[in-house]
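*Asks:* Just passing along the structure, written as structure tokens.
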There are 2 protein chains.
Amino acid sequence: MQKELNVAVIGIGLIGGSIAMRLRETEFATRIFGVDKNENNQKKALQLGLVDEIVDLETAIEKCKIILLTVPVDAIMQLAPTILDKVNEQVVIDMGSTKINILHSIENHPNRGRYIAAHPMAGTEYSGPEAAIPNLFKGKVMVYVEAFKTDEDAFDLADSVTEQLEMRSVFMTAEEHDMHTAYVSHISHITSFALALTVLEKEKSQGRIFELAGSGFESTVRLAKSSPDMWTPILKQNRENVLEVLEEHIKQLQDVYRNLKDEDYDSLHKLIKRSNKIKRIIR
Amino acid sequence: MQKELNVAVIGIGLIGGSIAMRLRETEFATRIFGVDKNENNQKKALQLGLVDEIVDLETAIEKCKIILLTVPVDAIMQLAPTILDKVNEQVVIDMGSTKINILHSIENHPNRGRYIAAHPMAGTEYSGPEAAIPNLFKGKVMVYVEAFKTDEDAFDLADSVTEQLEMRSVFMTAEEHDMHTAYVSHISHITSFALALTVLEKEKSQGRIFELAGSGFESTVRLAKSSPDMWTPILKQNRENVLEVLEEHIKQLQDVYRNLKDEDYDSLHKLIKRSNKIKRIIR
């Protein structure tokens with residue numbers, strides 16, 4: 001019955017490219033159409049065989065049943081309503097890292113039912129088509145946000161993509177999603193950006209400072225390689241939650257500072273011991 | 001000529017245990033004697049075959065040519081002078097993570113020449129004898145601090161251990177060492193402790209918060225599993241440097257906060273882009 005199933009990838013970077021890779025591998029997609037403003041990305045996506053063809057947005061919408069939005073979140077916000085304007089039975093899947101504002105932008109759209117907000121909790125610190133890797137999503141979590149507002153057939157189609165990616169799924173409200181990601185993803189990036197800047201700043205006067213950098217430093221700072229084009233919009237869209245968690249994080253650091261300043265080593269020991277409870281969460 | 005070469009490991013944890021493992025593997029050590037206050041560690045070290053025998057400190061000093069100090073840095077500071085009191089031709093290698101105070105404690109000791117301050121830039125977030133792993137040190141950096149104050153034969157013997165561990169070596173002053181490690185190791189740990197506490201705190205009111213935690217979060221927070229018994233003394237011994245870098249790090253975070261609060265996204269973008277320069281340092 002299903003004669004052909006074409007997929008459009010709007011934004012061929014780490015996420016869009018890795019999904020395309022997988023949907024081709026499993027032969028889920030008949031053809032994959034790529035849309036990208038950046039000519040360099042277009043060329044690379046073709047060279048790497050991530051997509052079959054580069055087309056403009058209109059053509060992609062016309063030819064594809066599944067439209068994946070994998071551009072930065074501010075671009076998703078702009079694109080989502082205009083794409084929905086042109087959609088009939090297609091399903092539009094937004095893979096962005098923030099949800100409240102994006103969903104607000106299409107809240108009352110007559111085609112709201114064709115839209116599903118999803119967030120694959122997977123990634124690396126690299127970006128662009130060359131960053132695409134196989135099995136990026138395997139075993140990871142796909143968060144569906146306000147899925148009850150999506151038409152059943154549209155949800156089923158979106159969920160079949162999640163299945164192809166071999167992901168588990170979780171359901172939440174936009175408010176829960178944006179708050180939780182602020183705590184377990186966005187703050188980690190800010191910490192890394194700030195840590196990188198702290199050490200890079202010091203390097204100016206102390207050239208050899210990175211000579212001793214080991215795996216601990218690398219681990220806490222690697223996210224500082226993340227793209228500003230992707231992350232500025234995320235922090236902007238999730239501004240209130242991020243400000244809240246950043247304020248708390250600074251407070252925790254000031255506690256460490258104060259204990260050390262006051263030579264209160266009992267409190268410092270307790271604080272570190274309390275932080276060890278993270279063992280319960282991560283292996 | 002070299003009939004036997006016994007090695008004493010004072011403190012059989014991640015570092016001491018991993019060195020013992022390697023020196024046994026390469027048959028560098030004739031016998032390995034373990035000293036540890038903790039009975040549980042004694043038992044495990046024997047069970048795991050990390051050491052041949054558990055002895056008291058006196059016996060270890062008497063029987064061994066090489067004495068490795070792999071206890072927390074405050075314990076090194078206490079032990080170093082008393083061990084040097086009893087030493088003739090042995091070499092005492094301190095593997096601690098801070099150097100200024102430790103070296104100060106033995107500065108004028110008549111046996112100063114038998115002491116070498118070294119810091120293997122390798123580790124994991126785990127501790128105790130079970131944390132010992134083979135090849136922990138391979139390809140990593142061994143920092144020698146004030147090596148010129150060590151007798152030549154003692155240095156050569158210490159350096160042969162470094163060779164067995166397949167490490168590269170780097171030389172610096174105690175001041176350089178403590179400042180550099182504050183920037184590329186100690187601050188990373190504080191960041192992780194504070195990040196873990198921030199999220200654990202929020203979990204109390206938002207149970208599901210860790211459901212979305214992915215590899216980025218894990219990467220920035222894994223050092224929060226580190227032992228408070230090891231890290232409280234490190235922060236104490238390196239207090240001034242750590243306070244300096246922590247102050248700078250908090251300032252960088254406050255910059256992010258202010259840009260986001262003021263909705264100055266150009267500055268935020270620039271800041272993230274500047275932090276990307278860390279790509280130059282880590283792969």
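The values are calculated or read from the model by the stated rules, or taken from the named source; none is laboratory data. Keep in mind that what you see is a predicted model, and the values were worked out from it rather than measured. Backbone-built Cβ (ideal geometry, glycine too); neighbour counts: all protein chains shown. Note: accessible area is taken over every heavy atom of the protein model, side chains too, but ligands, DNA and RNA are not part of it. Shrake-Rupley method; radii C 1.70, N 1.55, O 1.52, S 1.80 Å.
*Asks:* Take the residues in the range A:198-218 that are under 25 Å from the mean Cα position of the chain (by Cα) and open to solvent by 20 Å² or more (accessible area, probe 1.4 Å), then tell me which one is farthest from the other protein chains (Cβ to nearest Cβ).
*Replies:* A:S215
*Asks:* Whether any residue in the range A:219-238 is within 7 Å of chain B (Cβ to nearest Cβ), open to solvent by 30 Å² or more (accessible area, probe 1.4 Å) and more than 17 Å from B:A196 (Cβ to Cβ) is what I want to check.
*Replies:* Scanning the range A:219-238 turns up at least one residue that is within 7 Å of chain B (Cβ to nearest Cβ), open to solvent by 30 Å² or more (accessible area, probe 1.4 Å) and more than 17 Å from B:A196 (Cβ to Cβ).
*Asks:* Moving to a separate point now. Could you identify the single residue in B:L23, B:L46, B:L57 that is under 17 Å from B:L136 (Cα atoms), assigned by TED's automatic domain parsing to the domain that holds B:N135 and among the aliphatic types (A, V, I, L, M)?
*Replies:* Within the list B:L23, B:L46, B:L57, the selection yields B:L23.
*Asks:* Being assigned to a helix (DSSP H, G or I), open to solvent by 10 Å² or more (accessible area, probe 1.4 Å) and within 8 Å of chain B (Cβ to nearest Cβ) is the filter here; which residues of the range A:155-188 pass it?
*Replies:* If the condition is that a residue be assigned to a helix (DSSP H, G or I), open to solvent by 10 Å² or more (accessible area, probe 1.4 Å) and within 8 Å of chain B (Cβ to nearest Cβ), then A:E176, A:M179, A:S185 are the ones that fit.
*Asks:* Considering A:E248, A:E244, A:E240, which residue is on the phi < 0 side of the Ramachandran plot and in contact with a helix residue (DSSP H, G or I) (Cβ under 6 Å, 6 or more places away or on another chain)?
*Replies:* Matching residue, one of A:E248, A:E244, A:E240: A:E248.
*Asks:* Identify the single condition in (1) more than 7 Å from chain B (Cβ to nearest Cβ); (2) assigned to a helix (DSSP H, G or I); (3) under 18 Å from B:V199 (Cβ atoms) that A:R283 does not satisfy, given that it satisfies every other one.
*Replies:* (2)
*Asks:* Quick one: B:E89 ticks every box in (1) crowded, with 16+ Cβ neighbours inside 10 Å; (2) in contact with an Asp or Glu (Cβ under 9 Å, 6 or more places away or on another chain); (3) assigned to a loop (DSSP other than H, G, I, E, B) bar one, so which box is it?
*Replies:* Of everything listed in (1) crowded, with 16+ Cβ neighbours inside 10 Å; (2) in contact with an Asp or Glu (Cβ under 9 Å, 6 or more places away or on another chain); (3) assigned to a loop (DSSP other than H, G, I, E, B), B:E89 misses just condition (1).
*Asks:* May I pose another question? Output the residues belonging to the range A:29-82 that are assigned to a strand (DSSP E or B) and either modelled with pLDDT under 95 or open to solvent by 50 Å² or more (accessible area, probe 1.4 Å) (or both).
*Replies:* Of everything in the range A:29-82, just one residue is assigned to a strand (DSSP E or B) and either modelled with pLDDT under 95 or open to solvent by 50 Å² or more (accessible area, probe 1.4 Å) (or both), namely A:E53.
*Asks:* Another question, if that's okay. Would it be correct to say that A:E130 is surrounded by fewer than 22 Cβ atoms within 10 Å (Cβ to Cβ) and not assigned by TED's automatic domain parsing to the domain that holds A:S192?
*Replies:* Taking the combined requirement at face value, the residue satisfies it.
*Asks:* Filter the range A:6-28 down to the residues that are touching a residue at least 12 places away in the same chain (Cβ under 8 Å) and surrounded by fewer than 17 Cβ atoms within 10 Å (Cβ to Cβ), then identify the one that is nearest to A:D52 (Cα to Cα).
*Replies:* Of everything passing the filter in the range A:6-28, A:E25 is nearest to A:D52 (Cα to Cα).
*Asks:* Considering only the range B:189-204, I want to know if a residue exists there that is within 21 Å of B:M121 (Cα to Cα), polar (S, T, N, Q), in a helix (DSSP H, G or I) and out of contact with any Asp or Glu (no Cβ under 8 Å at 6 or more places or on another chain).
*Replies:* Yes, the conditions are met somewhere in the range B:189-204.
*Asks:* Right, here's the next one. In the set B:N108, B:N135, which member is modelled with pLDDT under 95 and surrounded by fewer than 16 Cβ atoms within 10 Å (Cβ to Cβ)?
*Replies:* It is B:N135.
*Asks:* I would also like to ask the following. Only one residue in A:M95, A:M121 is hydrophobic (A, V, I, L, M, F, W, C), buried (at least 21 other Cβ atoms within 10 Å of the Cβ), under 20 Å from A:G13 (Cα atoms) and touching a Ser or Thr at 6+ places or on another chain (Cβ under 6 Å). Which one?
*Replies:* So the residue among A:M95, A:M121 that is hydrophobic (A, V, I, L, M, F, W, C), buried (at least 21 other Cβ atoms within 10 Å of the Cβ), under 20 Å from A:G13 (Cα atoms) and touching a Ser or Thr at 6+ places or on another chain (Cβ under 6 Å) is A:M95.
*Asks:* Out of all the residues in the range B:256-269, which are open to solvent by 100 Å² or more (accessible area, probe 1.4 Å), in a helix (DSSP H, G or I) and within 8 Å of chain A (Cβ to nearest Cβ)?
*Replies:* B:K261
*Asks:* Kindly indicate whether any position in the range A:240-252 is over 26 Å from the mean Cα position of the chain (by Cα), under 28 Å from B:K273 (Cβ atoms), facing chain B (nearest Cβ under 7 Å) and free of Cβ contacts under 8 Å to residues at least 40 places away in the same chain.
*Replies:* Scanning the range A:240-252, I find at least one residue that is over 26 Å from the mean Cα position of the chain (by Cα), under 28 Å from B:K273 (Cβ atoms), facing chain B (nearest Cβ under 7 Å) and free of Cβ contacts under 8 Å to residues at least 40 places away in the same chain, so the answer is yes.
*Asks:* Collect the residues in the range B:1-31 that are more than 21 Å from the chain's Cα centre (by Cα) and either β-branched (V, I, T) or under 21 Å from B:V73 (Cβ atoms) (or both), keeping them in residue-number order.
*Replies:* Those that are more than 21 Å from the chain's Cα centre (by Cα) and either β-branched (V, I, T) or under 21 Å from B:V73 (Cβ atoms) (or both): B:T26, B:T30.
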